[in-house]
Amino acid sequence: MSLFAHAEWFRTVHHPQDLPAGCGAEVAFAGRSNAGKSSAINALVNRQRLAFVSRTPGRTQTINFFSLGSGCFLVDLPGYGYAAVPQRKREHWGELISAYLKTRGCLRGLVLITDVRRPLTALDRQLIEWFAATTKPVHVLLAKADKLSRSQAALALKRADGALRRDYPELSLQLFSSTTREGVVAAQQVISGWMQ
């Protein structure tokens with residue numbers, strides 16, 4: 001039976017002191033607001049509304065834990081880079097994300113979701129750079145691959161791979177679409193491997 005078959009909401013965290021006691025295995029999901037993070041989580045667990053999907057960027061304002069059972073969790077971090085969010089709120093999110101990523105001993109890896117149609121932003125690279133220091137793996141999902149032709153998507157993957165592998169040889173990446181489910185099984189395999 002799939003690790004993702006019985007996913008359910010577990011807890012929402014507004015402040016670092018509210019993080020659950022870490023004793024299992026967690027995989028965090030990060031990305032720019034509106035990159036398709038919640039849709040990716042829903043596709044991975046084969047559910048339509050486990051993670052809240054909004055047409056308005058910046059709606060995920062907390063850390064959301066989704067239980068997979070057996071002490072395994074998917075962790076949805078607040079999106080970043082959305083200018084319409086007040087500076088004070090962005091600072092709070094930054095502190096919350098930083099506290100989580102720095103202190104979680106049970107964190108096994110980071111899945112970074114980016115829009116395949118856009119180059120990685122300075123904030124994406126900053127997060128990869130910062131997280132690489134933990135020596136934990138990073139897997140990049142180039143989401144919304146269905147919005148490009150196969151040749152355009154392949155070219156975007158090649159460019160991203162060339163830009164990232166030079167500096168982060170341990171990083172892995174793939175094309176992904178929550179709409180067509182392209183790359184879902186491959187991403188599940190990466191995450192399952194980290195959870196072992």
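Computed values, structure above
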{"read-out": "Helix-only mean residue ellipticity at 222 nm for the chain, each DSSP H run of n ≥ 4 adding -39500 (n - 2.57), per residue, nearest 500", "value": "-10500 deg cm²/dmol"}
{"read-out": "Percent accessible area from carbon and sulfur atoms, the chain, protein chains only, probe 1.4 Å", "value": "50"}
{"read-out": "Inter-site label distance for Asn46 and Cys106 at 7 Å from Cα along Cβ, in nm", "value": "2.5"}
{"read-out": "Alpha carbon centroid spacing (whole Å) that separates the range 125-187 from the range 1-36", "value": "20"}
{"read-out": "Calculated on alpha-carbon atoms, Rg and Dmax of the chain in Å", "value": "15.6, 47"}
{"read-out": "Ala163 versus Asp18: modelled label distance in nm, points set 7 Å from Cα along the beta carbon direction", "value": "3.5"}
{"read-out": "Accessible surface, per residue, of the chain when the full set of protein chains is kept, probe 1.4 Å, Å²", "value": "52"}
{"read-out": "Ser172 paired with Glu8, simple spin-label distance in nm, labels 7 Å along Cα-to-beta-carbon", "value": "3.0"}
{"read-out": "At 0.692 mPa s and 37 °C, Stokes diffusion of the range 92-160 via Kirkwood alpha-carbon radius, µm² per second", "value": "244"}
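The values are calculated or read from the model by the stated rules, or taken from the named source; none is laboratory data. Small disclaimer: the values here were computed from a predicted structure and weren't measured. Quick reminder, even Gly has a Cβ in these numbers, built from the backbone with ideal geometry, and neighbours come from all protein chains shown. All accessible areas refer to the heavy atoms of the entire protein, side chains included, with ligands and DNA or RNA removed. Shrake-Rupley method; radii C 1.70, N 1.55, O 1.52, S 1.80 Å.
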